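In what follows, a single structure is set out as structure tokens and then discussed.
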Amino acid sequence: MSEQQTGTIAAVSRDDKHRFSKPVVAGIRLVAGHGVEGDSHAGATTQHRYLIRTDPARANLTQVHLLRSELLTELAAEGFEVSPGQLGENITTTGIDLLALPLGTRLHLGAEAVVEVTGMRDPCSMIDKFQSGLKGALKHTDAAGRIVRKAGIMGIVLVSGEVAPGDELRVELPAGAHQPLGVV
């Protein structure tokens with residue numbers, strides 16, 4: 001993977017309520033140390049409903065959810081109808097294999113914003129309530145016995161900025177040995 005890899009922002013979404021899907025909007029503001037302004041998952045500490053009950057002081061490593069638009073095309077070929085924002089992502093991208101990025105990758109979004117990749121999203125049972133069988137398409141075991149997760153990646157906001165569809169997404173790989181993404 002080239003350190004100068006670039007892609008494009010296809011869509012942005014946010015919701016001030018804890019719902020499964022997020023409506024697509026014209027633009028979002030990323031706030032350093034907080035997440036997507038006006039989104040229910042923004043905050044310095046976890047905003048995930050389950051994690052708040054078990055560890056409310058836990059650092060929020062899931063401030064921003066990114067998903068590649070190419071996944072939506074793959075899901076359509078399998079008979080699922082999924083549009084940007086419907087899997088709860090804040091940023092839908094094109095042209096970057098997000099799941100192949102190493103831990104600590106910095107994503108430069110638009111003119112100013114920077115998000116550091118913290119891990120993969122682990123699809124939950126809510127996905128099957130959205131569309132039956134979808135969880136199996138997003139998380140399965142391959143022929144070698146490895147768990148494959150396709151539900152996107154999570155990150156934290158390092159530098160604030162505005163992000164909108166059509167903006168450039170630039171990848172900055174971390175220095176040194178690269179660590180694969182785990183689940184956050």
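The values are calculated or read from the model by the stated rules, or taken from the named source; none is laboratory data. Bear in mind the structure is a predicted one, so any value in this text is a computation, not a measurement. Glycine gets a Cβ as well: all are built from the backbone with ideal geometry, and neighbour counts include every protein chain shown. What goes into the accessible areas is simple: the full protein's heavy atoms, side chains included, and nothing from ligands, DNA or RNA. Shrake-Rupley method; radii C 1.70, N 1.55, O 1.52, S 1.80 Å.
Among the residues of the stretch 174-182, none qualifies, meaning not one is under 16 Å from the mean Cα position of the chain (by Cα), among the aliphatic types (A, V, I, L, M), modelled with pLDDT of 95 or more and open to solvent by less than 20 Å² (accessible area, probe 1.4 Å). Note on the stretch 133-173: residues that are of a type in the set (Gly, Ala, Ser) and open to solvent by 50 Å² or more (accessible area, probe 1.4 Å) total 4. Which residues, counting only those in the stretch 133-173, are in a strand (DSSP E or B) and free of Cβ contacts under 8 Å to residues at least 24 places away in the same chain? Hits for the stretch 133-173 are 139, 140, 141, 147, 148. Among the residues making up the stretch 28-49, none is surrounded by 15 or more Cβ atoms within 10 Å (Cβ to Cβ), hydroxyl-bearing (Ser, Thr, Tyr) and in a strand (DSSP E or B). When 118, 105 are checked against the criterion of being polar (S, T, N, Q) and over 11 Å from the mean Cα position of the chain (by Cα), a single residue qualifies: 105. Looking at the stretch 15-27, which of its residues are under 15 Å from the mean Cα position of the chain (by Cα) and open to solvent by 80 Å² or more (accessible area, probe 1.4 Å)? Passing the criteria: only 24.
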